[in-house]
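Below you'll find the structure, written out as structure tokens, and then a few comments.
The values are calculated or read from the model by the stated rules, or taken from the named source; none is laboratory data. On a predicted model such as this, the values are computed, not experimentally measured, just so you know. Here the Cβ positions follow ideal geometry from the backbone for every residue, glycine too, while neighbour counts run over all protein chains shown. Note: accessible area is taken over every heavy atom of the protein model, side chains too, but ligands, DNA and RNA are not part of it. Shrake-Rupley method; radii C 1.70, N 1.55, O 1.52, S 1.80 Å.
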Amino acid sequence: MKVLYTLLVFGLTLGMTVEAQRRPVTRQQQASAAQQRTERNNAATATQSGQRSSRVVYQKNYMKQQGDSLVVDMDIDMTRLSVPTNFAQILTPVITSATEEIELPKVYVQGEARNKAFIRELELNDAAYREFESNLPYAIVKPKGRLNYRISVPYEPWMAEAALDVEEDLCGCGDESKIAHTRVFDGVTKDVIPQPIYKVRPHLAYIQPEVEKVKARREIGNAYLEFPRGKNEIYPTLGDNPVELAKIDNMIKTISTNKDITVQSISMTGYASPESSEPFNNDLSRSRAESLMRYFMNNSGLPTHYFETRMGGEDWEGLRVLLEDFPLSNKQEILSLMNSIADFDTRERAISKVGGGRPYKIIYEQLYPKLRRTVCEVDYTVKDFSIEEAKQNLEFAPQLLSLNEMYLVANTYEAGSPEFIRVFEIAREEFPDDPVANLNGAAAALEKGNITAAQKYLQQSDPSTNEYANNMGVYQMLKGDYREAERYLKRAEAAGMDAARQNLVELRKKIANVNNRREAGVDEEEVPVSSPQGTTRRRTQ
């Protein structure tokens, strides 16, 4: 029963095998064949240069010896092929040398109507069926899309000098005048020894920060003090007041006794929770700030002109921050009221009614006490440090250093060393919003190969600088986007950056390494050794 024709659907690849037969040729035939091949290749070149719309495009993967087989792997691109529904085009790959040729299984490219007629012929014509069965094609496909053609034949010594052509029967009729020839492989692909993965040695760029004319700093501390009902006087032993007062006292003493620091001002800002009226809470916040100021004026020994007070009033902003991570029903409704009602007293009454008053009770008991605070801010200036002094302060009081001082300290260490990198990490921690600190922090992260941190810091850097372009190029190279890496690095190189020039050298080495490993077939599945059906040994004419 003829069952084979039922397999003849578009896109099916047949993986059967046959034995090829040797057909030696004479010296005269060899010379004649060589001349014909030259003419054939010239014709193929001329045909290709004419840019015929009906031709397919061949993507060369490889033709190489693997063990005792010759393996051919190419992609046949038919996306631009135009074959009418009643026509066919037959592609016949041929391994050819001066002495031998092997015809590989054909690819039938058939229009819809032609394919149906082809199947009917096999059903009705026994001779046609037997001919087809004895010489199975590699595939029968539609004239669109791509086909991977991958096949192996037993390797013979003459194949070391062989090439591979594809004969394209443009009408599917066997007319020699309508057969085009395309040279796909000029010779056997040489085995490539895979190189080890190349590890890029990046060259990072750092920016020296500007010198701070005045190193102005501010230290902030919060005091959550308890006051007797209706009183503003501070009771140092009441509740947690000893701990809260000690926090502010230690902060002021640490700053005021440091010989490298000059205190400029000490301000106390009082805040109140929103219960009661807004005028009452304003007065309460001011009077409690004044009480704390008087306490430290009497106990710190500092001149009174350093101290000042500010009224913070009801701390709605502080409440908003506390609510962000606080689990509470109706939270979004409460936040919406805070955004939409401008008058504080009206706002507080509206919130107290949400959810029957239950959410407000939780806020009153758990969050309001955290709003009753006094913030102490100490403004001061710091002297300029020598490099040795800066080194001593780096680990214990980095907030006293300027970015420029940290940069000078870093450059006392070997570039790329752990000590060098650590200085720039500290600088970014102390100046998280500074573009230069982020740029240098990104460079330090790239030195360590931490591209996740580098990406975050680069996003907070100034993209207009050449150092940014260089470091972004390194980031893209380490990430594996070599096209983007080249774009950034060439921009930096055009600006005269030597680091970018060196990185472009590294990029070329990395790309060559990637291509080498790809050509070597690292991670590529081995092709089984076989003798595929459809190969035909034929005499060169």
Check your understanding: Which of the pairs 199/448; 199/391; 490/510; 448/479; 253/370; 190/490 have their Cα atoms more than 22 Å apart in this structure?
Key -> 199/391; 253/370; 190/490
**Study point:** Sites residue 384 and residue 218, calculated FRET efficiency, Cβ-Cβ separation with R0 25 Å, nearest 0.05
**Key:** 0.85
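Using Cα pairs closer than 8 Å and at least 6 residues apart in sequence, work out the relative contact order for the range 224-310, in percent. Please list the in-between numbers first.
Values: 89 pairs, mean separation 26.3, N = 87.
With pairs under 8 Å counted, the relative contact order is 30 percent.
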Review point. Per residue, how much accessible area does the range 47-151 show when a 1.4 Å probe rolls over the protein heavy atoms, in square angstrom?
Key: 45
Review point. With each label point set 7 Å from Cα along the Cα-Cβ vector, what nm distance links residue 77 and residue 298?
Key: 8.8
Practice item. Compute the Cα gyration tensor for the range 442-490, then decide on rounded, prolate or oblate, letting a ≥ b ≥ c be the square roots of its eigenvalues: rounded whenever a/c is under 1.5, prolate when a/b is larger than b/c in the other cases, and oblate in all that remain. Key: oblate
Revision key, fill the gap. Within the range 75-89, the residues whose backbone N lies under 19 Å from a label point placed 7 Å from the Cα of residue 178 along the Cα-to-Cβ direction are 81-89
**Study point:** FRET efficiency for residue 352 and residue 481, using Cβ-Cβ distance with R0 set to 60 Å, rounded to 0.05
**Key:** 0.60
Practice item. Kindly state, to the nearest 0.05, the FRET efficiency for residue 276 paired with residue 336, given R0 = 25 Å and r defined as their beta-carbon distance. Key: 0.60
Check your understanding: In terms of the Cα gyration tensor, with a ≥ b ≥ c the square roots of its eigenvalues, is the range 214-332 rounded because a/c is under 1.5, prolate because a/b exceeds b/c, or oblate?
Key -> prolate
Point to revise | Global geometry of the range 77-121, whether rounded, prolate or oblate, following the gyration tensor of its Cα atoms and the 1.5 cut on a/c | key: oblate
Check your understanding: Expressed as a whole number of Å, what is the distance separating the alpha-carbon centroids of the range 480-508 and the range 62-87?
Key -> 37
Check your understanding: Under 5 Å between amide H atoms, partner at least 5 residues away or on a different chain: which partners does residue 215 have, H built in plane at 1.01 Å?
Key -> 382
Study note, to complete from the structure: Heavy-atom accessible area per residue of the range 224-299, all protein chains kept, 1.4 Å probe, expressed in Å², is 53
